[in-house]
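Colleague: Provided herewith is a single structure, encoded as structure tokens, for subsequent inquiry.
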Amino acid sequence: MSQVDLPATIDAIRRVREDPHRLGHRGHGPEGPVVGAGHGRTGPASKRIVVGYGFWIFLLSDIIMFSCFFATFAVLRGSTAGGPTAAQIVEMPRVGLETGALLLSSYTCGLSFAATNARSKLWTQVFLLVTGLLGLAFVAMELQEFISLAGRGITPQRSGFLTSFFGLVGLHGLHVTVAGMWLATMMAQVQLKGFRREIIHRLICFNLFWHALDIVWIGIFTIVYLMGVTA
Amino acid sequence: MFGRLSWSAIPFDQPIALITSLVLIVVILGVLGLVTARGWWPYLWREWITTVDHKRIGIMYCLLGVVMLIRGFADAIMMRSQQAIAINAPGYLTPEHYNQIFSAHGTIMIFFAAMPLVIGFMNFVTPLQLGVRDVAFPTLNSVSFWLTASGALLVNVSLFIGEFARTGWLPYPPLSETAYSPGVGVDYYLWAVQISGIGTLMTGINFVTTVLKMRCPGMSYFRMPMFCWTTLASSLIIVAVFPILTATLAMLSLDRFFGFHYFTNTAGGNPMMFMNLIWAWGHPEVYILVLPAFGIFSEIFSTFSGKPLFGYRSMVAATLFICVVSMMTWLHHFFTMGSGPAVNTAFGISTSVIAVGTGVKIYNWIFTMYGGRVRLGVPMLWSLGFIFTFVIGGMTGVLLAVPPADFLVHNSMFLVAHFHNVIVGGVVFALFAGLDYWFPKAFGFRLHEGWGKAAFWFAFFGFWITFTPLYILGMEGMTRRLQHVNVEAWRPMLDLSLLGVGVLVVGVICQVIMLLVSIIKRDELRDTTGDPWDGRSLEWATPSPAPFFNFAVMPNVEGEEAYWGIKLRAIESQQLSPEPDYQPIEMPVNSPVGFYTAFFASVTGFALIWQIWWLAGLGLAAAFAGFVVFAWRDVSEFHVPVEEVARVDRARRAAREALLERLAQQGALP
């Protein structure tokens, strides 16, 4: 595979678009069944399909776990026990910055994978690093928010509402932190071992995970922060 | 330094717990000593502890399940004897101890006996039936097993160090909050179940991927054996509901460790939220257990009737119907919460409706037998006993689904009898049936039939003598979980129930003797052909015991009942298909990562229970280090040479040819 300077060349994008496994093409097209797609007629799927598929299932379960924390937030949001309400603790400018950092990191994460598809080690590493730094900025801002709230005596021990608030937002922050550690190990693997088959599979999974965390954050941003301010 | 841990954690003042733990420790040390003296460690490490072979992992799951089944049964004996003795008397168990026993009984039976056995069968059977060589993620599979084992270890450690929960098998708040349960009991429960639950979740992910993406050529969805469908349905439920369990237990842990207010009855917490969350997991959980059990029965009814499964497609539909509706009935566990008539009615109807799916299955099994050549082997006896038992258990369940009736018998012995009726009659009978059915495939010889039949009859009558009186006691108003009773009139029924436990004990002894006799007589009981029951699905196409790569050449499926088709062709043409072109096989290498993960999960769990924070941090850091080291490995697969593949398969073909010749001489061929 040739080294391509810019990840977003036409060639690279074309390679991203052309799924060799033609997932979602139930009729198999005019060429007949595709070997390796895991459909009934052709035997087990290829490793890449199996790994990606399994990770999608994991993401589904992770999102169900988040949904429980969303549900408890919905139940407990009014149970302030005389303590502060959502409107009193939300600082929109900071949350806006956090959201911006995380959304931008999803974009750079996507760029890193385009670079991976073009087999450009340099640009993969650059965009992974930018993704990681944006994630770090997000976690730092969130931590700062938590610390400043705790300084004002606003802790999860205060009320049911605050419990569910810190639980939901904190769980997401924990996910981003763990994903950041994963990202660091991925960068080390790419650097030392190059684009081996299993490392590309792991990069696919990492990308899926990072985007999923972004989607969950959009839910948190809407339900916890935006609806909290307007309520 | 050691958090809450001190010498006072060891129950020197409780003779029963102390003696049991000492005996356990002596037995474990004895086993470890024997293994060391005989030099078995390298073998164990190489062939079992680090294995990623789905069949070996399945066998280890079953072994764990059987050991914990005996532990849970010991708890049951203590409960039934305590209640029979403690009528207007204190009995021999203190209330604190009795509460731990019924909590441990439920926790162990569901999480560490039934689940490992069910998952063990899923592991052992599914890839063989799908005609593939392994599950989608073999190393993850090993991690899942060892995490489950680590949870079981923590439950057993609680016997000797500290105490177990006194809150029932589901730790309802506010009782389970720190204010009312300050000890480590609930924490043992939380971390044991949390760790094993993560293992189960990964199993679910693994098997959804396996069934959907790892099938041999030609194995389309509607050609899969019924057990694979039920594995898929059960795994889908696992993926959908185990995250709820993880979340709920995490919330209760936060309440207990850091004073959060998810489920407290102060500062705006909401205890009823726990009931909703835990049963949103808990009700689907019983279908996670019973659907694979239905799959086992489907295989057995069809094999032992010599007929294809009646109504295969309706069976698939019923399975998936149950899979979906199982998640819509959870509120019937607390009709008395006070949700009002509209909500209760909706859940009452959904609960009754789910019985329709099960009804379809029952009729299909009966019609499978109709017109067939029914052989009454041991697996078939368990299956017939199941139909009788499960139908009655199901009907008492429909009775409980009616909210006004439920209000009368809520939390009574009637409920206890009902759910034992469906779980013992449905799941445990299936596990014993499956054990007998697939044992030859795992070990190469059949189990002794006479002792197997004796075990069935004692278990069947023992079950009914134990639980029929409990139905009656429930109707008379006896609530569950009583350490002592003061109604003299209940004595005959409690005595009768204890007698039933005695019959069950005889059944268990028969099972043990069956195992010993079978091992001693293994040469007489040897399964030379790999197809001892005249089977219909692909696991019987392999030799017994199956080679680690399962199939020398991946089967090519051309119709429903894959192996039956191959067999019929061989019989019609009076010869095997031509010898295939053997290729080297790529198999995953063994990995210690499962054992490593479980070791640090146990250490971290123990540290969290006793709040030894530095140790917990150390455990987590070690887990991350393990993750990095595992990611760095260079070789993940090895090749089985062609000669080895050909040697194993030629031996199999020779056995099959000998069988064909024997049949031809008997004039059994057309």
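The values are calculated or read from the model by the stated rules, or taken from the named source; none is laboratory data. Keep in mind that what you see is a predicted model, and the values were worked out from it rather than measured. Heads up, the Cβs are rebuilt from the backbone with ideal geometry, glycines too, and the neighbour counts pull from every protein chain shown.
Colleague: Of the numbered conditions (1) within 20 Å of the chain's Cα centre (by Cα); (2) closer than 29 Å to B:Thr264 by Cα; (3) within 13 Å of another protein chain (Cβ to nearest Cβ), A:Val169 satisfies every one except a single condition; which is it?
Modeller: Only one criterion in (1) within 20 Å of the chain's Cα centre (by Cα); (2) closer than 29 Å to B:Thr264 by Cα; (3) within 13 Å of another protein chain (Cβ to nearest Cβ) is unmet by A:Val169, namely (3).
Colleague: Moving to a separate point now. Which number in (1) of a type in the set (Ser, Thr, Tyr); (2) part of a helix (DSSP H, G or I); (3) at pLDDT below 95 marks the one condition that B:Thr126 misses?
Modeller: (3)
Colleague: Looking for whichever is touching a helix residue (DSSP H, G or I) at 6+ places or on another chain (Cβ under 9 Å), touching a residue at least 40 places away in the same chain (Cβ under 8 Å), more than 30 Å from B:Ile585 (Cα to Cα) and small (Gly, Ala, Ser) here; the options are B:Gly474, B:Gly530. Which one fits?
Modeller: Answer to the check: B:Gly474.
Colleague: Report, ordered by the first and then the second residue, all pairs with beta carbons closer than 6 Å, sequence separation of six or more or different chains, a first member in segment B:277-288 that is more than 11 Å from B:Thr329 (Cα to Cα), and a second member that is hydrophobic (A, V, I, L, M, F, W, C) and not in a helix (DSSP H, G or I).
Modeller: What qualifies is B:Ile278/B:Leu170.
Colleague: Let me ask another. Select from segment B:255-277 the residues that are at the interface with chain A (Cβ under 7 Å from one of its Cβ atoms) and surrounded by 20 or more Cβ atoms within 10 Å (Cβ to Cβ) and list them in ascending order.
Modeller: Matches in segment B:255-277: B:Phe260, B:His261, B:Tyr262, B:Ala267, B:Gly268, B:Gly269, B:Asn270, B:Met273, B:Leu277.
Colleague: Give me the pairs: first residue in segment B:226-250 and facing chain A (nearest Cβ under 7 Å), second residue acidic (Asp, Glu), beta-carbon distance under 7 Å, and six or more apart or on different chains, which are they?
Modeller: B:Pro243/A:Asp62
Colleague: Here's a follow-up. Taking the condition small (Gly, Ala, Ser), touching a residue at least 12 places away in the same chain (Cβ under 8 Å) and either within 14 Å of chain A (Cβ to nearest Cβ) or not in a helix (DSSP H, G or I) (or both), does B:Ala293 pass?
Modeller: Criteria not met by B:Ala293.
Colleague: Further question: Taking the options B:Ala570, B:Ala541, name whichever one is at pLDDT 85 or above, within 23 Å of B:Arg373 (Cα to Cα) and small (Gly, Ala, Ser).
Modeller: Every option except B:Ala541 fails the conditions.
Colleague: With respect to B:Trp533, is the statement that it is out of contact with any strand residue (DSSP E or B) (no Cβ under 9 Å at 6 or more places or on another chain), part of a loop (DSSP other than H, G, I, E, B), buried (at least 20 other Cβ atoms within 10 Å of the Cβ) and among the aromatic types (Phe, Trp, Tyr) true?
Modeller: The answer is yes for B:Trp533.
Colleague: Moving on to the next point. Could you grab me the full set of residues in segment B:399-449 that are hydroxyl-bearing (Ser, Thr, Tyr) and part of a helix (DSSP H, G or I)?
Modeller: The one that is hydroxyl-bearing (Ser, Thr, Tyr) and part of a helix (DSSP H, G or I): B:Tyr437.
Colleague: Here's something else I'd like to know. Under 6 Å by Cβ, and 6 or more places apart or on different chains, what pairs join a residue from segment B:77-95 that is part of a helix (DSSP H, G or I) with one that is surrounded by fewer than 17 Cβ atoms within 10 Å (Cβ to Cβ)?
Modeller: B:Ala84/B:Asp495
Colleague: Only one of B:Leu140, B:Leu175, B:Leu159 is at pLDDT below 95 and under 13 Å from B:His54 (Cβ atoms); which? Spell out the reasoning first.
Modeller: Working: B:Leu175 fails: under 13 Å from B:His54 (Cβ atoms); B:Leu159 fails: under 13 Å from B:His54 (Cβ atoms).
So the residue among B:Leu140, B:Leu175, B:Leu159 that is at pLDDT below 95 and under 13 Å from B:His54 (Cβ atoms) is B:Leu140.
Colleague: Return the total of residues in segment B:461-478 being surrounded by fewer than 16 Cβ atoms within 10 Å (Cβ to Cβ) and either in a helix (DSSP H, G or I) or of a type in the set (S, T, N, Q) (or both).
Modeller: So the answer is 1.
Colleague: In segment B:296-322, how many residues are surrounded by fewer than 21 Cβ atoms within 10 Å (Cβ to Cβ) and either of a type in the set (Asp, Glu) or not in a helix (DSSP H, G or I) (or both)?
Modeller: 4
Colleague: Restricting attention to segment B:100-114, which residues are buried (at least 24 other Cβ atoms within 10 Å of the Cβ), within 27 Å of B:Pro225 (Cβ to Cβ) and touching a Phe, Trp or Tyr at 6+ places or on another chain (Cβ under 9 Å)?
Modeller: B:Ala113
Colleague: Here is a follow-up. Looking only at segment B:207-223, which residues are closer than 13 Å to B:Thr126 by Cα and either within 9 Å of chain A (Cβ to nearest Cβ) or without any contact (Cβ under 8 Å) to a residue 12 or more places away in the chain (or both)?
Modeller: The answer is B:Val208, B:Thr209, B:Thr210, B:Leu212, B:Lys213, B:Met214, B:Arg215, B:Cys216, B:Met219.
Colleague: Does A:Thr177 count as surrounded by 13 or more Cβ atoms within 10 Å (Cβ to Cβ) and within 11 Å of chain B (Cβ to nearest Cβ)?
Modeller: So A:Thr177 fails the test.
Colleague: Ok, one more. Can you tell me which condition B:Tyr189 does not meet? The list is (1) over 15 Å from the mean Cα position of the chain (by Cα); (2) hydroxyl-bearing (Ser, Thr, Tyr); (3) over 29 Å from B:Pro271 (Cβ atoms); (4) buried (at least 24 other Cβ atoms within 10 Å of the Cβ), and all the others hold.
Modeller: It fails just one condition, (3).
Colleague: Looking at segment A:60-90 only, could you name the residues that are surrounded by fewer than 18 Cβ atoms within 10 Å (Cβ to Cβ) and either among the hydroxyl-bearing types (Ser, Thr, Tyr) or in contact with a strand residue (DSSP E or B) (Cβ under 9 Å, 6 or more places away or on another chain) (or both)?
Modeller: Within segment A:60-90, A:Ser67, A:Thr85 meet the criteria.
Colleague: Go through (1) surrounded by fewer than 17 Cβ atoms within 10 Å (Cβ to Cβ); (2) over 30 Å from A:Met187 (Cα atoms); (3) within 14 Å of chain B (Cβ to nearest Cβ) for A:Pro93 and report which single condition fails.
Modeller: (3)
Colleague: Tell me yes or no: at least one residue of segment B:347-360 is buried (at least 23 other Cβ atoms within 10 Å of the Cβ), modelled with pLDDT of 95 or more and out of contact with any Lys or Arg (no Cβ under 7 Å at 6 or more places or on another chain).
Modeller: No, segment B:347-360 contains no residue that is buried (at least 23 other Cβ atoms within 10 Å of the Cβ), modelled with pLDDT of 95 or more and out of contact with any Lys or Arg (no Cβ under 7 Å at 6 or more places or on another chain).
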